Structures are given as structure tokens and as C-alpha cells.
Amino acid sequence: MSSRVHACEHTVEVAAPAGVVYGMLADAARWPVFLPSVVHVERLDFDGVQERLRMWELAGEAGAGNPGNPDNPDNPDNPDNADAGAGAGAGADAGADAGVGGVLGGRVGSWYARRVLHPDVRAVVFEQEDAVWPGSVTSGVWSVRPAGEAECVLGLRQERGLAVAAADGAGARREAEADVHRRLAQVRRAAGRWEQWDELLLSFEDRVRIEGPAELVYDFLYRIGDWPGRVPHVERTGVCEDVPGIQVVSLDTCAAPGGRTVSTRAVRLCFPHAGRIVYKETLTPELVAAHSGEWSLLPDASGVTVVAAHQVMLRQEAVARVLGAGTGLLEARDHVRAWLSRASTETLGLAKWHAESTVRRLR
């Protein structure tokens with residue numbers, strides 16, 4: 001079967017300065033809070049100009065999110081509907097535990113990519129190792145051109161190898177075109193809020209010191225399906241792990257103020273050899289537009305320090321509706337931080353009890 005390269009290029013106007021948009025494209029590690037379908041991005045190598053990344057991206061049902069959420073990529077009313085970011089360069093290696101390339105478990109895709117950053121001309125050149133299209137390479141360039149002090153033109157040129165003899169060749173070409181439009185739309189939507197980023201974005205972490213083996217702590221965090229019987233604020237969990245190390249999890253929790261039940265859904269990537277579990281919520285509480293995080297274990301000679309890190313983007317239009325008229329983003333930030341910190345601290349405290357009490361019993 002022969003193949004040929006299909007190239008497509010499109011542009012969109014973005015209501016943000018060119019430097020802001022280029023910075024967003026260059027900083028792929030922050031894509032999980034900006035782009036709805038990106039679960040996690042890690043940098044494998046970087047010399048200041050060239051980098052190699054690995055990215056995990058939602059595919060199919062894992063990206064379903066909240067159908068009523070205007071930021072949800074599967075909401076038919078969202079003009080930015082779709083996958084995001086892989087064409088800009090994808091993926092990094094946190095270990096082989098979370099699978100190798102392609103669409104994993106029918107829910108999560110993983111890609112490697114090499115990128116070259118050109119800040120002088122505001123361009124990002126990429127070449128993606130595409131496991132979804134075997135034997136082909138997706139390559140291209142993101143470009144940003146100023147169009148005023150607070151406006152720019154964002155372009156994406158993408159070249160993808162397509163099998164000529166494939167029965168769905170025409171459909172594949174249409175999909176490639178649509179993919180470029182979707183990626184441009186998601187970046188445009190996220191960048192259009194740049195003036196509020198300082199208020200909408202927050203990151204924080206909680207730490208707990210544990211006098212016990214890291215393996216027991218990791219086991220507690222990994223077995224999220226057992227949390228309803230162990231963690232008081234977790235009422236119900238559902239876990240699907242079709243591919244080892246990739247969990248699609250649904251939870252009902254009562255950690256929110258007032259004890260009301262909140263339903264969330266997340267994709268978790270588990271790296272036991274690195275002592276890490278990273279996650280991205282695909283169904284978020286009403287106040288939260290995006291939430292990604294990581295449980296990481298830092299062992300030493302006598303125990304382990306466990307870190308629960310969070311990156312959050314607030315949903316500004318929900319603040320007054322949820323917290324009451326006149327409530328500002330500062331109060332909303334404090335509210336969300338306290339809520340998430342309380343939940344993670346309680347979980348870490350129970351992981352500490354689990355590990356330390358097990359060690360005492362073994363002695």
C-alpha cells in the first residue's frame with residue numbers, strides 16, 4: 001500500500017498578544033490546564049532550543065467531561081470541540097509503566113514528539129511519532145504573527161502521511177483538516193482569557209512526612225478503588241484499567257463545604273517505578289474549569305515525603321452562581337484551594353496511617 005503526504009494550513013485571529021500565545025505554545029507542560037483533552041505532558045530532553053516530549057491525550061469516552069460544561073470538548077455547543085495539542089508536539093517519558101504510544105485502552109493516546117522552539121520568529125516546529133497512523137509521521141509548525149498590541153494571527157501547518165489505498169482515505173483527509181481547525185480553536189479559546197490568567201490559575205501543594213516504606217504509600221494511593229472504605233470523604237469510586245497503569249476513575253466525594261456530594265471523573269497515569277501518579281479531571285466541579293495534579297513520593301533513608309500537587313483553572317462565570325452574588329475571584333481561589341487541600345491532606349494522612357501502622361504490625 002502506497003502513501004502520500006496530506007498538508008493543510010489554517011489560521012485564526014486570537015484576542016491576545018503574540019508573545020502570550022507563543023509562550024503558551026512553547027510551555028507544553030501547562031497544556032493540561034489550558035487544553036481540555038491533554039492529560040499530561042513531560043519533557044524528556046531539552047537543550048534550550050530543541051526538546052523531546054511525551055504527551056498523553058484523551059480519546060473517545062475518557063474525554064467526555066461534563067456535557068453541560070461550556071469548556072468541555074464534547075459539548076456540542078462548544079465551538080472548540082475536539083482533541084488538542086498533539087500536533088504541536090507531544091509527549092514525554094515518565095517511564096514505560098503507563099503504556100507505549102497509540103490509543104491506549106480506547107481512552108487515552110500517547111505520543112512522542114520532537115520540537116524546535118524559535119522565539120525570535122514566534123514559531124514552534126514539530127515532528128510527531130504518530131502511533132495512531134502506523135508508518136507515518138505528522139509534522140508541521142505553529143506560527144504566531146502580531147496583529148496589534150493585544151491581537152495576533154495564529155497559524156498551524158500540519159503534514160500527515162495518509163495511505164492512498166485506504167478505503168477511508170477521503171475521510172482521513174477530512175479528519176486531518178478538522179484536527180487542525182480544532183487545535184487552533186482550543187488555543188484561541190484559552191489564550192483569549194490571558195488577562196484573567198493571574199486570577200483564574202492557581203497551583204499549590206501539600207506535603208506529609210511518613211515514617212514508612214514508599215511501596216506501602218504508593219500502594220494506598222494506587223488502589224483508589226478501595227478508598228470508599230478507607231477515605232471518609234470518598235463515597236463511591238469506579239475504576240477501569242484496561243491498560244496497566246492507566247486508570248479511568250469516577251468518584252463521588254463529600255469533601256466540598258457543606259458536605260454535599262460532588263461527582264468527578266479523572267484519568268490517572270501510574271508510574272510505580274518513579275513513585276508518581278499524575279491525573280487530569282475530565283469531569284470537574286462547577287467552580288473548576290480544569291484540574292490536573294500529581295501524587296509524588298520522595299523517599300529517603302528513614303521514610304518518604306509525599307507531595308500532592310494541584311494545578312487549577314477556575315470557571316469565572318460560575319463563581320457568583322455557586323458562591324453567591326458579589327463573590328470575587330479572590331474568594332473563589334481561597335474556597336477551591338481550601339477544599340482541594342482538605343481532601344488531599346486527609347488522603348495523605350490516611351496513607352501515612354496505613355504505611356506506619358503496617359510497619360508497626362510487622363515488627
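The values are calculated or read from the model by the stated rules, or taken from the named source; none is laboratory data. On a predicted model such as this, the values are computed, not experimentally measured, just so you know. Cβ atoms come from the backbone with ideal geometry, glycine included; neighbour counts cover every protein chain shown. The protein model used for the area step is the full one, side chains on, heavy atoms only, and it has no ligands, DNA or RNA in it. Shrake-Rupley method; radii C 1.70, N 1.55, O 1.52, S 1.80 Å.
What the table shows:
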read-out: Pair list, Cβ under 6 Å, 6 or more apart: region 21-40 residue outside any helix (DSSP H, G or I), other residue charged (D, E, K, R); value: 37/57; 37/83; 38/57; 39/280
read-out: Candidates 308, 318, 290, 343 - the one that is open to solvent by less than 50 Å² (accessible area, probe 1.4 Å), among the small types (Gly, Ala, Ser), free of Cβ contacts under 8 Å to residues at least 40 places away in the same chain and touching a strand residue (DSSP E or B) at 6+ places or on another chain (Cβ under 9 Å); value: 318
read-out: Region 296-305, residues that are open to solvent by less than 50 Å² (accessible area, probe 1.4 Å), assigned to a strand (DSSP E or B) and farther than 17 Å from residue 29 by Cβ; value: 297, 304, 305
read-out: Set 208, 278, 234: member being more than 30 Å from residue 321 (Cα to Cα), crowded, with 17+ Cβ neighbours inside 10 Å and in contact with an Asp or Glu (Cβ under 9 Å, 6 or more places away or on another chain); value: 278
read-out: Residues located in region 257-274, provided they are touching a Pro at 6+ places or on another chain (Cβ under 9 Å) and either open to solvent by 10 Å² or more (accessible area, probe 1.4 Å) or more than 17 Å from residue 219 (Cβ to Cβ) (or both); value: 262, 263, 264
read-out: Qualifying residue in region 354-362 (condition: within 23 Å of the chain's Cα centre (by Cα), surrounded by 19 or more Cβ atoms within 10 Å (Cβ to Cβ) and part of a helix (DSSP H, G or I)); value: no
read-out: Elements of type helices (runs of 4 or more DSSP H) contained in region 151-241, each with 3 or more residues being out of contact with any His (no Cβ under 8 Å at 6 or more places or on another chain) and farther than 20 Å from residue 340 by Cβ; value: 169-191, 214-222
read-out: The listed residue being among the aromatic types (Phe, Trp, Tyr) and under 30 Å from residue 150 (Cα atoms), out of 227, 197; value: 197
read-out: Residue that is surrounded by fewer than 21 Cβ atoms within 10 Å (Cβ to Cβ), modelled with pLDDT of 50 or more and either in contact with a His (Cβ under 6 Å, 6 or more places away or on another chain) or closer than 21 Å to residue 47 by Cα (or both), where the choices are 119, 146, 134; value: 119
